[in-house]
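The values are calculated or read from the model by the stated rules, or taken from the named source; none is laboratory data. As the structure is a prediction and not an experimental result, all values here were calculated from the model. No Cβ is skipped: glycine too gets one built from the backbone with ideal geometry, and neighbour counts run over all protein chains shown.
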Amino acid sequence: YVVVDTSGSMAENNRIGLVQSALVGLIDSLAPTDRLGLVEFATGAEIFTPDVDGRSGKDHLLQMTTSGKALAKAALNNLDIGGETNMRSGLETALTYMKRVRDNLSSTFCHSALLFITDGRDSSIETGRISKQA
């Protein structure tokens, strides 16, 4: 699972471009047996795994075949930048997504990893929109 910060601060110094380039390299390194889920967050969070064969991207992982890799890269290239940074929303959405995929038996049940990419500036806490308590 890849969770990407798409807040306004990611536009500074081409941060989102660097993230996109790095993730293309990661995607290219994955085997056809690997699966990938994509989540973006800014003020809120959203799953942006592409739909495949009539299945919602919100309920499955994308298989890293040649066509799956192309879909993942296209989704990364279409990210919109803007808003505040709400890390909690991104993490909660990703964890809910991971659970839903496992509960729907849409997972291979191999080890899962979550890659959380951000510039580290959680503006939702700084502006008081969320509490610093868990």
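Here the range 81-108 is the region considered, the condition is being at pLDDT 85 or above and of a type in the set (D, E, K, R), and the residue that is surrounded by the most Cβ atoms within 10 Å (Cβ to Cβ) is E84. The condition of being among the hydrophobic types (A, V, I, L, M, F, W, C) and either closer than 17 Å to T33 by Cβ or at pLDDT 95 or above (or both) holds for A74.
If the condition is being surrounded by 14 or more Cβ atoms within 10 Å (Cβ to Cβ) and modelled with pLDDT under 75, then the range 109-128 contributes R121, S124, I125.
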